[in-house]
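The next block holds one structure in the form of structure tokens; read it before the comments.
The values are calculated or read from the model by the stated rules, or taken from the named source; none is laboratory data. It should be emphasised that the depicted structure is a prediction, and the values quoted were computed from it without experimental measurement. When we count neighbours, we look across all protein chains shown, and the Cβ atoms used for this are built from the backbone with ideal geometry, even at glycine. These accessible areas exclude ligands, DNA and RNA; they are computed on the full protein's heavy atoms, side chains included. Shrake-Rupley method; radii C 1.70, N 1.55, O 1.52, S 1.80 Å.
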Amino acid sequence: MKDETKQLTMEEALEKCGNNFKKIEEGGVTQGVVVAINKDSVVVDVGYKSEGEIPKNEFKKNSDGQIEVKIGDNVEVMVEYWDEREEIVHISKDKAEKIKALEDLEQKFQDDAIIEGKVINRIKGGFSIDVNGVQAFLPGSQVDLKPVKNMNEVVGQTYEFKILKFNRKKNNIVLSRRAILEEKRNSIREKTLAIAHEGKVMEGVVKNITEYGVFVDIGGMDGLLHITDISWGRIKNPSEIFSVGDKINVKILIFDKEKERVSLGMKQLVVDPWIEINEKYEKDTKVTGKVVSITDYGAFLELEEGVEGLVHISEMSWTKKIRHPSNMLSIGDAVEAVILDVQKDERRISLGLKQAVQNPWELLSEKYPIGTIIEGQIKNITDFGVFVGIDDDIDGLVHISDLSWTKRIKHPSELYKKGDIVQAVVLDVDKDNERFSLGIKQNQEDPWSGVEDRYPIGTEVEGKITNVTDFGIFVELEEGIEGLIHISEVSEKKIETPVGKFNTGDTIQALVMNINSQEKRIGLSIKQLGLETEEDEEEPKQDKKEATTEEIKDEVKEDTQTEAKDETKEVVNEEETKEEE
């Protein structure tokens with residue numbers, strides 16, 4: 001039902017329309033006058049004694065939610081169709097605006113003009129664009145100069161476009177944003193080509209970052225800033241320094257105008273710090289640097305921008321056995337080091353951390369002279385000895401041969417375990433090779449010292465059998481002192497082996513035949529003891545006691561020679577018998 005308080009009279013409407021009674025064709029656009037505003041619609045008189053209603057939702061609303069139209073306003077509408085019987089016309093404001101928008105787009109297409117539109121949503125192959133109420137299509141390839149990584153970021157954005165294709169009948173409108181960007185880039189490129197030359201410094205924008213360098217837009221054209229031309233120093237990856245969109249100053253190194261290829265440099269904007277490197281960093285001088293990189297073989301210190309030096313793992317500590325540089329240093333640490341070597345042509349500087357402090361090995365010989373008795377904890381046990389901790393992370397080695405004077409040790413773990421406290425004697429300090437030799441057995445007197453006096457040759461001794469082998473019998477004379485009865489000295493008769501005839505643990509008497517204290521060997525004889533016993537029966541005991549050591553030696557020697565002669569005769573007789581047969 002119409003709101004009669006808000007409507008124009010027929011005369012007023014006719015006057016507003018200019019008394020135009022010409023009937024408008026269906027699908028045409030005409031001016032109408034708002035004659036009434038109802039609850040859900042707006043009544044518009046389009047002439048020819050006809051009124052039509054337009055839903056309120058086709059009109060714009062203000063911030064209060066009220067439509068922005070009033071009685072008496074002129075509005076453009078499209079005549080959808082006439083209802084002659086009811087004498088009403090079906091009209092639409094939205095369709096009229098769309099027709100006007102299409103006409104405007106068609107004109108701009110013909111004029112190759114730029115339009116503005118908003119990306120509504122993603123559709124197959126691209127995006128749907130709203131241009132003044134008209135929907136158009138933007139292919140994915142026409143969004144930007146390069147492929148868009150995140151297509152969702154485009155939705156909701158308002159851009160400028162050019163119309164690539166316009167077909168009103170099929171309602172097919174194709175847009176391009178790339179065409180506008182290309183035109184702008186080409187315009188800028190022309191200006192850049194006109195002023196660019198080798199050696200020129202220009203401002204650019206980082207467009208792309210790779211492992212080998214950075215692509216920089218210097219004005220409509222991209223140039224490559226290679227990783228080796230970024231800094232005089234060492235760079236692992238350009239992404240450590242740059243981000244896409246950064247503005248940087250670069251120098252044109254190579255410019256090929258025909259191929260439009262440009263090589264750029266950044267380090268060339270500053271003086272090469274290696275030119276006067278020998279004057280700035282002399283050998284044996286102390287410097288301070290920041291750890292910028294750590295590898296398996298060492299750490300790199302930055303001494304200044306573009307100048308780095310290597311501290312090899314072997315130059316990090318005088319005493320510590322470092323498995324990896326990261327156990328001692330961390331990136332960002334500021335440390336003192338000493339210049340060991342400078343190679344200007346190779347752009348290398350060798351540094352040493354341990355040289356920045358006093359070498360503890362130089363003080364070791366003064367602190368622990370040879371012969372000093374020290375006490376320490378066993379830090380490590382190996383096949384060849386034990387390492388004893390002293391101080392300043394210095395370990396002394398007790399070789400397996402210096403553990404005991406007398407014991408036959410297969411492995412040091414038979415006597416010691418890690419953590420044991422031991423006393424040892426300093427045997428040698430070799431600071432050049434960083435070796436500290438210790439001895440445990442040297443804490444006690446060598447039992448072999450004076451053995452010749454305790455067991456003169458020809459002396460009858462008693463001992464316990466410790467081992468029986470095919471070649472002889474080992475006899476312990478005292479703790480740590482053993483003698484050997486060779487198989488030839490076991491009996492006057494020839495025996496193949498003493499094994500089975502003598503038992504370990506039995507006590508036995510023998511005669512001392514020879515002594516070599518340096519090689520720790522004592523030769524014993526049972527056979528000679530038997531000969532001596534026979535002579536004792538023939539001679540009075542008092543005469544035998546008066547015999548000198550030299551006489552005994554001579555007797556043993558004569559007996560041995562006689563035995564040898566008898567054996568020779570036997571062999572000769574056997575051979576003669578064989579020949580006769």
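Dividing the alpha-carbon radius of gyration of the stretch 268-411 by 2.2 N^0.38 Å (N being the number of residues), what value is obtained? Present the calculation step by step, with values, prior to reporting the outcome.
Details: Rg = 20.7 Å, N = 144, 2.2 N^0.38 = 14.5 Å.
That ratio works out to 1.42.
In whole angstrom, how far apart do the alpha carbon centroids of the stretch 170-233 and the stretch 267-312 sit?
34 Å
Could you sort 383, 94 by their accessible area in this structure, using a 1.4 Å probe and putting the largest first?
Result of the area sort, largest leading: 383, 94.
Suppose the chain between residue 200 and residue 237 were pulled fully straight at 0.36 nm per residue; how much longer would it get relative to their current alpha carbon spacing?
10.7 nm
How much accessible area per residue does the stretch 456-514 have, in Å², with a 1.4 Å probe?
Heavy-atom SASA per residue in the stretch 456-514 reads 55 Å².
Gap in Å between the Cα centre of the stretch 359-436 and the Cα centre of the stretch 63-140?
98 Å
Hey, can you list the DSSP H helices of the chain whose Cα span along the axis is 24 Å or longer and whose average Kyte-Doolittle score is at least 0.0?
Taking the DSSP H segments of the chain (at least 24 Å long, mean hydropathy at least 0.0), we get none.
Could you size up the charge dipole of the stretch 357-485 around its Cα centre, putting +1 on the beta carbon of Lys and Arg and -1 on that of Asp and Glu, and report it in debye to the nearest 20?
On the way: 12 positive and 26 negative charges, 78 e Å.
I would put it at about 380 debye.
Could you compute how much accessible surface residue 82 exposes when probed at 1.4 Å, giving the result in Å² to the nearest 10?
40 Å²
Which whole-number value in Å² is the accessible area per residue of the stretch 316-406, probe 1.4 Å?
55 Å²
How much net charge surrounds residue 66 when only other residues with a Cβ under 11 Å from its Cβ are counted (Lys, Arg +1; Asp, Glu -1)?
In short, +2.
So for the chain: antiparallel DSSP bridges make up what percent, rounded to the nearest 5?
90 percent
Report residue 316's accessible area, 1.4 Å probe, all protein chains in place, as a number in Å² to the nearest 10.
0 Å²
Along the charge dipole of the chain, Cβ charges K/R +1 and D/E -1, which of 175, 449, 471 sits furthest on the positive end?
Looking along the dipole axis, the top candidate is 175.
Please arrange 445, 519 by accessible surface area, largest first, computed with a 1.4 Å probe and ligands excluded. Walk me through the numbers before you get to the answer.
Working: 445 145, 519 105 Å².
Of 445, 519, the descending order of accessible area is 445, 519.
Using label points projected 7 Å from each Cα along Cα→Cβ, tell me how many nm separate residue 158 and residue 348, to one decimal.
For residue 158 paired with residue 348, the spin-label model returns 6.3 nm.
Can you show me the helix-derived [θ] at 222 nm for the chain, built from DSSP H runs with n ≥ 4 at -39,500 (n - 2.57) apiece and divided by the number of residues, rounded to the nearest 500.
Mean residue ellipticity at 222 nm (helix-derived): -6000 deg cm²/dmol.
Could you give the semi-axes, largest first, of the ellipsoid that matches the stretch 379-422, computed as the square roots of 5 times the alpha carbon gyration tensor eigenvalues and rounded to whole Å?
19, 10, 9
For the chain, build the convex hull from the C-alpha positions and give me its volume per residue in Å³.
Once divided by residue count, the hull of the chain is 468 Å³.
So what does residue 492 come to for accessible area, using a 1.4 Å probe and Å² rounded to 10?
Around 100 Å² of this residue is reachable by solvent.
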